[in-house]
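For reference, the structure discussed in these notes is given below.
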Amino acid sequence: MFTPAIKTLVIANCAVFLVQNMVAWLGGDAGYQWLLKWVGLIPSAVIPGLRIWQPFTYLFLHDGVWHLLMNMLVLWMFGRDLEMAWGKRRFYIYYFVCGVGAGLINIAAKSIPLFWGERLPDVATIGASGAIYGVLIAMAMVFPDRQVWLIPFPIVLRMRVFVLIIGAIAFFS
């Protein structure tokens, strides 16, 4: 059911989520904020070169059980086919290029106010959603005619149409 890379990514994300919740439980809000400060993606910490690891580490934090479950479900449902087609190494490279790339785009977008003399935001971005959207886009390109059934609705869409709809919803929300 699980290919090697998907299994490793799901286990890693779930393990980090458990650590994240233990830090919040033991350290309270101060502990959780400390974790976000060091592991989440904060443009004002990355731009001056202070925490250059954050575009990678933010991928493993999630904002609640549903955020984690939905990301891991989509990763398993669609990433599995890509890993089988591409191999483990190529899938890992693609996944992390998409995730880190999404983080860098996030930093660039949040840096636009610098042109008007504003400060960089101190709010952390977390989650693997950028990498997950990359997986969806790859599925639409590699398997464009694959059928996707929208549970619980009796609607079947082609992968490329499904990804366009999901992308539009994410963009406009």
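Quick notes on this one:
- Principal-axis tilt of helix 4-39 within the chain, Cα atoms, nearest 10 degrees: 30 degrees
- By the rule of a C-alpha distance below 12 Å, with chain neighbours fewer than 8 residues away ignored, the aspartates and glutamates paired with LYS7 are GLU83.
- The chain - convex hull of the alpha-carbon atoms, volume per residue in Å³: 136 Å³
- Spacing of the two label points (7 Å from each Cα toward its C-beta) at LYS37 and MET22, in nm: 2.1 nm
- In Hz, Karplus ³J(HN,Hα) per residue of the stretch 84-100 (6.51, -1.76, 1.60; θ = phi - 60°; x = Gly, Pro): 5, 6, 9, x, 4, 4, 5, 5, 4, 4, 4, 4, 6, 5, 5, x, 5
- MRE, 222 nm, helices only [DSSP H, n ≥ 4, -39500 (n - 2.57), over the chain, to nearest 500]: -21000 deg cm²/dmol
- Carbon and sulfur %, accessible surface of the chain computed with the full protein complex present, 1.4 Å: 73 percent
- Over the stretch 81-136, accessible surface divided per residue gives 55 Å², non-protein components excluded, 1.4 Å probe.
- 3J(HN,Hα) along the stretch 55-68, derived from phi through the Karplus expression 6.51 cos²θ - 1.76 cosθ + 1.60 where θ = phi - 60°, amounts to x, 9, 6, 4, 4, 9, 8, 9, 9, x, 5, 5, 4, 5 Hz, with x in place of Gly and Pro.
The values are calculated or read from the model by the stated rules, or taken from the named source; none is laboratory data. The structure presented is a predicted model; accordingly, all values stated were derived computationally and were not measured. Cβ atoms come from the backbone with ideal geometry, glycine included; neighbour counts cover every protein chain shown. These area figures cover heavy atoms from the full protein model, side chains too; ligands, DNA and RNA do not enter into them. Shrake-Rupley method; radii C 1.70, N 1.55, O 1.52, S 1.80 Å.
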